[in-house]
Amino acid sequence: MEATATQTATKSIPISPNTKLEEVVRIFNLQQRNRQKAKNATASERKAKIKKLISTIFEFRSRIEDALYKDLRKAQVESDFTEIYTVLTEARFAVSHLNEWMAEVEVETPLSMLGSSSKIIYEPKGTCLILSPWNYPFQLPLVTLVSALAAGNTAIIKPSEYTPHTSAILKELINKAFSEEDVAVIEGDHSVSTELLKLKWDHIHFTGSPAVGKVVMRAAAEYLTPVTLELGGKSPAIIDETANISAAAKKLTWGKWLNVGQTCIAPDYVLIQESKKDEFIAKMKETLTKSFGTDPHASPDMARIVNNKNVLRVKGLLDDAVKNGAKIEVGGETIEEENYIAPTILTNVSLDSRVMQEEIFGPVLPVVTYKNIDEAMAIVNSKEKPLSLYVFSSKSKNQNYVLNNSSAGGTCINDNIIHITNPYLPFGGVNNSGMGKSTGHFGFKEFSNERAVLKALHSGSVSTPLWFPYGKTAQTITNFLMKYL
C-alpha cells in the first residue's frame, strides 16, 4: 500500500497534505465516545446512513470522475464502472439485506443443556480504521466503509496521499454525508498512517502490499486489534490446450490492462500449454490493437501509472527481464514524464527474473509455457498463495485439477477478475495475499463480533449435579455424558 510506505518519491509527485496529530486524536476520541450510540442504531438508522452515502455520491459524480482523471487519467466509463458503480452496488446490496444480516440467529442447544436456549447476535466492533490504497482510491475505501456502517461501527478513512485529487473529494464527500463522530477522512503521508496505527482501534482494515500489511499487523498486535488484510501477490492465469484462445485473449486483455494493470487481482502472468503459445500471442496482439489502436499512448482508454516512482519500478522489472533473455512481443515503450508504459507482453521469460518474482502491478504481462499441467502447478505452488488464480480450459477434469492442487483467495474459471463483482462471494486473500474477507454479508461479519448467548433457566442449572463438592452422583453423570452424549 503506497499510502503507508516510506516516502522515497521525488518532489515532483503531488501528495495530500498532512492532518495535524492533535486533529487525528480529537476525531478518534470523538468516535470512541460515539461507539455505543452507533452500536444501538437500528437497521433503519444504519440504512439511512448508507442511503445518504449513495445520494451524496450522485451529487459528487462529475467531480469524482474529474479527480480520478487527474490522478490516474482514468476514462470516464472506467471511473464510473470500476469506482463509482462498484460502491453503489455494494451499498444497495447492504441496504437490501441488512435486516437479514442483523437478525439474531437461533442455534441448537445440546441435550446435555436441556432447558437452555442459544443464539448468536452480531454486535459492531467499535471504532475502525480503514487504510486504503491509491489504485482504486474511491472504490476501495467506500466499499469497506459500507460494511463498517452496516455492522454499526464508526470509522476513520486514511486514503493514499498519492491520489491527492481523489482524496480531497473523498474528504469533502464524507464531510457532506456524515458527522465526523460517525465517519471521517484523515489525509496525509506515511507519517500520519504511523500515528494512526499507534491508537487503540477496535478493528483495522488495510488494503495494500504484503510488506506494509506486516507493518500494520505488528502495530495491531500492540493492542491485539483484529485486522483484515487485503493484500496482493502474483495472480496466475493458466491456459490449457483445450481453452478457447480467442476468448481467453479478449478477457485477459481487459483484466490485465484495466487501470493499466494497477489492480490487485489483475492476471500477473500467464502459464500456457506450449502448443498454444503462438496462437495466444497473435490473438493478444490483435486484441490489444482493437482495444487501444496502433498507438496505445494516444488512446483515451489507456490510464496512467500513478506516479514516476512506480513507472521506474515497473520499468526496472521490464529491463531486468530483457537483460535475462526475455523477448518483448509487443509494447515496451516508456514515457517517464507522462507516467506511461505501453501494454507489454513478454515471452521467453526466466523464472528467476524479477518480473516473475515480484508483483508487477503494471501493464507488463509475462507469458511462460509449460509442457503438462503438473509443470504449471509446480510454478504456481513455488510462489506465495495468490490473491486470485484464473484457469482457462474446456475440460472439467483440468479445471478441477487446478482447483484441487492450488490455493488462492479467489478463482475464476474461463474468465478473470469478475468474481469481485459478485456480492454473494467473499473477497480476500490467503496467507501472504491476505486474511479476512470483505464485501456483502462477509464484509458485515468481518466488522462484527459474533457474540454467543446462552439463556439458562431462571432457577437451577443443568450444571447443578456437578457443583462442588464432587460426589458419586457427579461422577455417574459425567460417565453417562462421556459414553452417550
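What net charge is computed for the residues neighbouring residue 99, neighbours being all others with C-beta under 11 Å from the C-beta of residue 99, Lys and Arg scored +1, Asp and Glu -1?
For residues surrounding residue 99, the net value is +1.
Need the C-alpha centroid separation for segment 46-67 versus segment 387-418, integer Å.
The distance from the Cα centre of segment 46-67 to that of segment 387-418 comes to 36 Å.
Do any of 158/256; 119/234; 277/437; 39/256; 119/198; 176/200 go past 32 Å between their Cα atoms, and which?
Over 32 Å Cα-Cα: 119/234; 277/437; 39/256; 119/198.
My understanding is that a pair violates if its Cα-Cα distance is over 32 Å; which of 251/315; 74/315; 51/455; 171/290; 315/383 do that in this structure?
51/455; 171/290
Does anyone have the angle between helix 472-484 and the longest principal axis of the chain? Alpha-carbon axes, 0 to 90°, nearest 10?
Helix 472-484 sits at roughly 40 degrees to that axis.
Just to confirm, what accessible area per residue do you get for segment 1-150 at 1.4 Å probe, in whole Å²?
On a per-residue basis, 47 Å².
For residue 51 paired with residue 112, estimate the spin-label separation in nm (one decimal), with each label point 7 Å from Cα along the Cα-to-Cβ line.
For the pair residue 51/residue 112, the computed spacing is 4.8 nm.
Probe radius 1.4 Å, ligands and nucleic acids ignored: give me the carbon and sulfur share of the accessible area of segment 323-472 as a rounded percent.
Using a 1.4 Å probe with all protein chains present, segment 323-472 comes out at 52 percent carbon and sulfur.
By its C-alpha gyration tensor, with a ≥ b ≥ c as the square roots of the eigenvalues, how is segment 78-120 shaped: rounded for a/c under 1.5, else prolate for a/b larger than b/c, else oblate?
prolate
Which net charge results for the neighbourhood of residue 224, defined as the other residues with beta-carbon distances under 14 angstrom from its beta-carbon, given Lys and Arg at +1 and Asp and Glu at -1?
Summing Lys and Arg as +1 and Asp and Glu as -1 gives +1.
Using packing as a proxy for protection, rank 255-264, 280-289 so that the peptide with the highest average count of other Cβ atoms within 10 Å comes first.
Output ranking for 255-264, 280-289: 255-264, 280-289.
How would segment 28-185 be classified by its alpha-carbon gyration tensor: rounded, prolate or oblate, with rounded meaning a/c under 1.5 and the a/b versus b/c comparison settling the rest?
Judged from the Cα gyration tensor, segment 28-185 comes out prolate (a/c at least 1.5, a/b above b/c).
Evaluate the charge dipole of the chain about its Cα centre and quote only its size in Debye, nearest 20, assuming +1 on the Cβ of each Lys and Arg and -1 on the Cβ of each Asp and Glu.
The calculated dipole for the chain is roughly 1240 debye.
Which shape class, rounded, prolate or oblate, goes with the chain when its Cα gyration tensor gives a ≥ b ≥ c as root eigenvalues, a/c under 1.5 marks rounded, and past that a/b bigger than b/c marks prolate?
Taking the square roots of the gyration eigenvalues as a ≥ b ≥ c, the chain is oblate.
Which residues does a label at residue 29 reach in segment 169-212, if reach means a backbone N under 17 Å from a point 7 Å past the Cα toward the Cβ?
So the set is 180-182, 196, 198-201.
Would you work out what percent of the accessible area of segment 99-252, with all protein chains in place, is carbon or sulfur (probe 1.4 Å)?
Heavy-atom surface of segment 99-252 belonging to carbon and sulfur, 1.4 Å probe: 55 percent.
Give the angle, between 0 and 90 degrees and rounded to the nearest 10, that separates the Cα long axis of helix 277-292 from the longest principal axis of the Cα atoms of the chain.
90
Given segment 305-448, what percent of its DSSP beta bridges are antiparallel, to the nearest 5?
Close to 45 percent.
Give the angle, between 0 and 90 degrees and rounded to the nearest 10, that separates the Cα long axis of helix 43-72 from the longest principal axis of the Cα atoms of the chain.
Roughly 20 degrees, rounded to the nearest 10.
Any idea how far the Cα center of segment 227-245 sits from the one of segment 336-359, in Å?
Each part reduced to its Cα centre gives a spacing of 17 Å.
Let me understand segment 37-76 better: what is its radius of gyration from the alpha carbons, and its Dmax, in angstrom?
15.0, 42
Quick one: ranking 419, 165 by accessible area, 1.4 Å probe, largest first, what do you get?
Ranking 419, 165 by accessible area, largest first, yields 165, 419.
Can you tell me how much longer the chain between residue 449 and residue 176 gets when fully stretched, taken as 0.36 nm per residue apart minus their C-alpha distance, in nm with one decimal?
Full extension of this stretch gives 95.4 nm more.
The values are calculated or read from the model by the stated rules, or taken from the named source; none is laboratory data. Computed from a prediction, not measured in an experiment: that's the story for all the values here. Note that each Cβ is placed from the backbone with ideal geometry, even for glycine, and that neighbours are counted across all protein chains shown. Accessible surface is based on the protein model in full, side chains and every heavy atom, while ligands, DNA and RNA are left aside. Shrake-Rupley method; radii C 1.70, N 1.55, O 1.52, S 1.80 Å.
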